[in-house]
Amino acid sequence: MLRVLLLTLSVVAIAHAGLCKPDAQNAFKVRLSIKTALGDNAYAWDANEEYLFKAMMAFAMRRYSSKSTTQISNVLLCNVTDRVSFWFVVTDSSKNVTTVPGSEVEAAIRMNRNRINSAFLLSDKTLQFVKITSTLSPPVEPSTPVWLIVFGVVLCLILAGIVFLVVAGIRQHKKKNKKSTERENLEEKCEVTITVENGIPCEALDLKAGHINGVFAADDERFTSL
């Protein structure tokens, strides 16, 4: 009985070794940059961390499909390096000698990427599933509707244009009034201007009404009487 059990375990181990190897079908490579992410607080990658990774992958597979009965033992790791990189596959819990299709594993990882990252205090950049692109964050929807934002911008532009036209009109009106006042002041100044001729000040002549010289007027009266 013991021999049969040992033989069975050996066969399973050999089968598992054939399933998990670099570039094998449905296998994924993982790279972790723990030192880069955590600096002085970086933790060592050991058997306990490997167990946690297997548990998180089993959790992801169960959460992805309610029919899944994946156990920790179904997650196989191989080619683990000191720089913390390794390959893994997920075996079918019903057969245990075949692997779960890579598309299902990838979908489970994408669905639970944040939970996996949080378990190791890492991010998409420091915990990389080489064949799986980083998960894009869902677009952030603004709390204010887009149409309301556009309406507000258009309304602000209209108000700014109205204010500009009003200010420009007031400035132009003030400029016209200033010119008119300067012109009136100039005309008044010209009316009271006194000219100087031959050293004797005299009032400016009224060219329209004319001006009679008193000397010639007296001569005219004298000759007229003769």
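The values are calculated or read from the model by the stated rules, or taken from the named source; none is laboratory data. The model shown is predicted, which means the values in this text are computed figures rather than measured ones. Glycine also receives a Cβ, built like all others from the backbone with ideal geometry; neighbour counts cover every protein chain displayed. Heavy atoms of the whole protein, side chains included, go into the accessibility calculation; ligands, DNA and RNA do not. Shrake-Rupley method; radii C 1.70, N 1.55, O 1.52, S 1.80 Å.
Quick look at the numbers
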quantity: Verdict on I116 being modelled with pLDDT of 85 or more and either assigned to a loop (DSSP other than H, G, I, E, B) or open to solvent by 60 Å² or more (accessible area, probe 1.4 Å) (or both); calculated: no
quantity: Qualifying positions in the stretch 27-37 - in contact (Cβ under 8 Å) with a residue 24 or more places away in the chain and open to solvent by 40 Å² or more (accessible area, probe 1.4 Å); calculated: K29, R31, S33, T36, A37
quantity: Exclusive hit being over 19 Å from V130 (Cβ atoms) and touching a Leu at 6+ places or on another chain (Cβ under 7 Å), set T69, T91; calculated: T91
quantity: Flag if S94 is of a type in the set (G, A, S), without any contact (Cβ under 8 Å) to a residue 40 or more places away in the chain and part of a loop (DSSP other than H, G, I, E, B); calculated: yes
quantity: Residue within the stretch 79-87 that is hydroxyl-bearing (S, T, Y), at pLDDT 85 or above and closer than 19 Å to C20 by Cβ present; calculated: yes
quantity: Any hit, the stretch 37-46, residues being closer than 14 Å to L127 by Cβ and part of a helix (DSSP H, G or I); calculated: yes
